[in-house]
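Each remark here refers to the structure printed beneath this line.
Read the figures in this text as sums done on the coordinates, not as results from a lab. Just so we're clear, the structure is a prediction, and the values are computed from it rather than from any experiment. Cβ sites come from the backbone with ideal geometry, for glycine too, and all protein chains shown count toward neighbours.
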Amino acid sequence: MENNNTNQTSETTVSSDKNESSGDIELVYYPDDLLRQSTTTVKDIDDSLRTTIDRMVLLMQHARGIGLAAPQVGILERFFVVQIDSDPVHVFVNPSIVGTSHETGVYEEGCLSIPGLYADVKRPSEIQVQAWSQNGRPFTLNADGMLARVILHELDHLNGVLFLDHLAERKREKLLQRYRKPQDAAR
């Protein structure tokens, strides 16, 4: 999820000084088909996954985002990272929502994969999520407010759903008329 209180760079790439097989990771931008695909369950929570998670956290922070899901960096597996303000980073591997409040709230959302577009999205105000940590430990988290919203936004990515899909068709079309992929912006 994009933090709309900061300026975005047009392209964001993070590389590591280590010579590891996963290489550089880059943001995937709308309308790339990867963003519309469902992800598969993470089978092994190992050092390779932890390295990828570390790189995703760096990329998210560099892009001034508050959440980043694996499909947004071209990985079709079920995990994402979240960090709101100066809070600790939360890692969710194979997450599932096990409860939501009846109460909902509307808040403006953006997305690192669709930079520059923002719209009000209605979501449950409180959630309960179960997942595995990057260390392979299961946990349950009750979240509300912005944390709940970002978790739901990132979980949508794991199912091939974008925040634009929560909008009325007319509003979505109007927003997309203004959208230009970052590499197209200079043309």
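Out of every Cα-Cα pair that region 79-187 contains, those further apart than 20 angstrom amount to 46 percent. Once the GluC sites (Glu not before Pro) in DSSP loops with at most 14 neighbouring Cβ atoms within 10 Å are cut out of the chain, the longest remaining piece is 104-187. Residues whose amide H falls under 5 Å from that of Ser125, counting only those 5 or more places apart or on a different chain, are Ser101, Glu103, Thr104, Gly105, with hydrogens built in the peptide plane. Fully extending the segment from Thr51 to Lys122 would add 22.2 nm, taking 0.36 nm per residue of separation and subtracting the current Cα-Cα distance. Modelled label positions at Arg178 and Ser133, each set 7 Å beyond Cα in the direction of Cβ, lie 4.1 nm from each other. For the chain, modelled as a GNM whose springs connect Cα atoms under 10 angstrom apart, the maximal fluctuation among Phe79, Phe139, Phe163 occurs at Phe139. Listing Thr100, Thr140 from fewest to most neighbouring C-beta atoms within 10 Å gives Thr140, Thr100. Rounded to the nearest angstrom and listed largest first, the equivalent-ellipsoid semi-axes of the chain from its Cα gyration tensor are 24, 22, 14.
If a helix is a whole DSSP H run, which ones in the chain reach 18 Å or further along their own axis (Cα) and hold a mean Kyte-Doolittle hydropathy of at least 0.0? Both cut-offs are met by 145-158.
Highest mobility in the GNM of the chain, judged by mean-square fluctuation with C-alpha springs under 10 Å and restricted to Gln177, Gln83, Gln61, is found for Gln177.
Relative contact order for region 13-184: 23 percent, from Cα pairs under 8 Å spaced at least 6 residues apart, divided by residue count. Mean separation of Cα pairs under 8 Å and 6 or more residues apart, divided by the residue count, gives region 102-161 a relative contact order of 25 percent.
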